[in-house]
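Trainee: Here it is: the structure, laid out below.
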Amino acid sequence: MEFFNLHTHKWTNQPNVLELVNQYPQEFDATIPYYSVGIHPWFIVEERIEADLAIIESKLQEGNCLAVGECGLDKRIEIPMELQQMVFEKQLLLAQQYQKPVVIHCVAAFQELISIKKKMNISVPMLIHGFSKNAPVAKQLVDNGFYISFGKYLLLNKDLEAVFKSVPNNRFFLETDTVEEGIEAVYKLAAKYKEISVKEIQELVNSNFLEVFKIEL
């Protein structure tokens, strides 16, 4: 595997890239080779929660479903936090049951996220996608056992260079999310910021992938 894209919404079918494509229960594409599946906090529909969870559980039993998510908490939307937390916790229970990592969307709710991880004693890897905050938040997440994925904001915000450099090499992933730039551009910038070669970045990400996803591809 030359490149691993932790989080994208679009499968590009490149032979040298393993893409973890974000899927939603009600909009599932079975032709995508590797995916995560989850209820995003933006798209919680109360009447459909149990049906969505049933779909997620069925997909988690398939080998090419690599993770739960994206799921999580978002304080900047109108959906009540109590409902968001309930849906998130139900997905964490499924992740624990089927021993799958969790790709997390978190906006302005990092303290709540850490609290839930501790309260539920979650042992599967939890990965914050699309990180855009400061070094103290990154350190707190790493200290509490989270992995951090960088992509869109790394490309857009020069201030994230110092944050990315501060994250230990065994705790980061790279992604594209919704940007047009390919994952190779993210790797190239990550290598520049870490002051190592793209090949070394590839080796670090591959090592982290094996640690988190427990499979060799």
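Trainee: Nearest 0.05, what FRET efficiency do residue 185 and residue 43 give at R0 = 41 Å with Cβ-Cβ as r?
Mentor: 0.90
Trainee: Give me the extension gain from residue 216 to residue 203: residue separation times 0.36 nm, minus the current Cα-Cα distance, reported in nm with one decimal.
Mentor: In short, 3.4 nm is gained.
Trainee: If you don't mind, another one. Under a 1.4 angstrom probe, counting protein chains only, how are 149, 123 ranked by accessible area, largest first?
Mentor: Of 149, 123, the descending order of accessible area is 123, 149.
Trainee: How about residue 118: which lysines have a C-alpha closer than 21 Å to its C-alpha, ignoring those fewer than 8 places off in the same chain?
Mentor: Once the sequence-local lysines are set aside, what remains near residue 118 is 75, 90, 100, 139.
Trainee: For the chain, max minus min Cα coordinate along each principal axis, in Å, sorted largest first?
Mentor: 49, 38, 29
Trainee: Here is a further query. How many angstrom lie between the C-alpha centres of segment 142-217 and segment 53-90?
Mentor: Using only Cα atoms, the two centres lie 24 Å from each other.
Trainee: Run the paramagnetic zone check for residue 161: 7 angstrom along Cα to Cβ, then residues of segment 177-217 with backbone nitrogen under 17 Å.
Mentor: Output list for this probe position: 186-198.
Trainee: Could you compute the FRET efficiency for residue 29 and residue 61, with r as their C-beta to C-beta distance and R0 at 25 Å, rounded to 0.05?
Mentor: Once rounded, the FRET efficiency stands at 0.90.
Trainee: Need one number: nm distance between label points at residue 83 and residue 97, each 7 Å from Cα along Cα→Cβ, rounded to one decimal.
Mentor: Going from the residue 83 label point to the residue 97 one covers 2.3 nm.
Trainee: Could I ask something else about it? Over the alpha-carbon set of segment 21-85, work out the extent along each principal axis and list the three values in angstrom, largest first.
Mentor: 34, 20, 16
The values are calculated or read from the model by the stated rules, or taken from the named source; none is laboratory data. Because the structure is a prediction, the values reported are computed rather than measured. Note: ideal-geometry Cβ built from the backbone for every residue, glycine included; neighbour counts use all protein chains shown. For accessibility, only protein heavy atoms count, side chains too; no ligands or nucleic acids. Shrake-Rupley method; radii C 1.70, N 1.55, O 1.52, S 1.80 Å.
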